[in-house]
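Worksheet: one structure, shown below.
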Amino acid sequence: MKFIKFDPYDQKARLIPALSTLPPFILLNYFYLHLLLGDFVFALFGIVIGEVSLAIVFVYLLMELNRFISKMLVEKRQFNNELLMPTTDFLMYSDPTYSENHKNNIRNKISQEFNVTWPTRRGETADELSARQSISEAVSLVRAKMKGGRLILQHNIHYGLARNLIGGAYIALVVSTVDFIIFMLVSPNQIAVAASLFFVFLYGSLIVFRKFILSELGKNYAKVLYQEYLAS
C-alpha cells in the first residue's frame, strides 16, 4: 500500500488538527453506532479503494474541511482578508509596536527590492483602507520570498496548527453536542455523557479564545518575518 506523503507543514499544521477532531466521532461510534450497526462501521472503514482506505479518506476530508472553516469563517472574518493581520498593523504609522526608525528600515528595504510605493502618514489618515491594502500587498511579496526560512516555517506551522485546530473545533463541538444529546436521551450512558461534556468544554474553549490565540501567534509570526527579512 502506498501512503500519502505530507510535508512538515501538512504533518503538523493540518494532519494533527484533523486527528484532534476525531475523538467525538470515535466516542459516538464506540458507544452507539457500533452497538446499533454491529461491525458494519468497522468493515466500512476497512474497505480499500485502490490503495487508500476510507479511514484515510475521512481524515483527509477533515483536513480540508478544517482548513476551509479556519481560513474562510475564522481567519477571514477576524483579520478582514489580511487587512488587519499583525504583518499589516506593524507597518502602519499609527501602530506603536515598532519604532518609526525600525518601520522605516523595513519599508525602505521592501521599496528598494520590490519597487513598492508606501502611503504617506497623511494618506494613511485620509484613507486607512487603501493604506492597509497597499501594505498587505507589499507584505505578501515578503512572505513569498521568506517562506523557506527555518524560523519562518516553524512559526507558520505554529500558526497553521492553531488556526486549523480552531477550525476543527467547530466540527468537533457539533459532534460532541450530538453525542451528549444521544447519550442523555436516546441511549443513556453516564460515561459517554461525561466524555461528551468534556469535549464540549475542550472544543468550546478553543472557539471562545480563538481571537486571542490567533492574534498572539500572528504577532509572533510577524516579528520573526520582519526580523529574518531585514537580516536577509
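The values are calculated or read from the model by the stated rules, or taken from the named source; none is laboratory data. None of these values were measured; they are calculated from a predicted model. For neighbour counting, all protein chains shown are included, and Cβ atoms are generated from backbone atoms with ideal geometry for every residue, glycine included. For accessibility, only protein heavy atoms count, side chains too; no ligands or nucleic acids. Shrake-Rupley method; radii C 1.70, N 1.55, O 1.52, S 1.80 Å.
Here is how the numbers come out for the structure above:
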{"quantity": "Matching residues in segment 162-182 - criterion: being farther than 14 Å from Pro23 by Cβ and either open to solvent by less than 30 Å² (accessible area, probe 1.4 Å) or in contact (Cβ under 8 Å) with a residue 40 or more places away in the chain (or both)", "calculated": "Ala162, Arg163, Asn164, Ile166, Gly167, Tyr170, Ile182"}
{"quantity": "Flag for Arg107 being among the basic types (Lys, Arg) and free of Cβ contacts under 8 Å to residues at least 24 places away in the same chain", "calculated": "yes"}
{"quantity": "Residues located in segment 98-133, provided they are closer than 19 Å to Met146 by Cβ and polar (S, T, N, Q)", "calculated": "Asn105, Asn108, Ser111, Gln112, Asn115"}
{"quantity": "Only listed residue being open to solvent by 80 Å² or more (accessible area, probe 1.4 Å) and in a helix (DSSP H, G or I), chosen from Thr125, Thr117", "calculated": "Thr125"}
{"quantity": "Residue list for segment 133-161, filter: of a type in the set (Gly, Ala, Ser), open to solvent by less than 50 Å² (accessible area, probe 1.4 Å) and in a helix (DSSP H, G or I)", "calculated": "Ser134, Ser136, Ala138, Ser140, Gly160"}
{"quantity": "Residues of segment 78-113 satisfying the condition of being of a type outside the set (Asp, Glu) and under 16 Å from Tyr159 (Cβ atoms)", "calculated": "Gln78, Phe79, Leu84, Met85, Pro86, Thr87, Thr88, Phe90"}
{"quantity": "Whichever residue in segment 22-57 is open to solvent by less than 60 Å² (accessible area, probe 1.4 Å) and assigned to a loop (DSSP other than H, G, I, E, B) and, among such residues, is modelled with the lowest pLDDT", "calculated": "Gly38"}
{"quantity": "Residue satisfying all of: in segment 71-107; of a type in the set (S, T, N, Q) and closer than 19 Å to Thr117 by Cα; nearest to the chain's Cα centre (by Cα) among these", "calculated": "Thr87"}
{"quantity": "Answer residue from segment 187-201, given it is open to solvent by 40 Å² or more (accessible area, probe 1.4 Å), in contact (Cβ under 8 Å) with a residue 12 or more places away in the chain and in a helix (DSSP H, G or I) and is nearest to Leu73 (Cα to Cα) among those", "calculated": "Val200"}
{"quantity": "Enumeration of residues in segment 58-110 that are polar (S, T, N, Q) and assigned to a helix (DSSP H, G or I)", "calculated": "Asn66, Ser70, Gln78, Thr87, Thr88, Asn101, Asn104, Asn105, Asn108"}
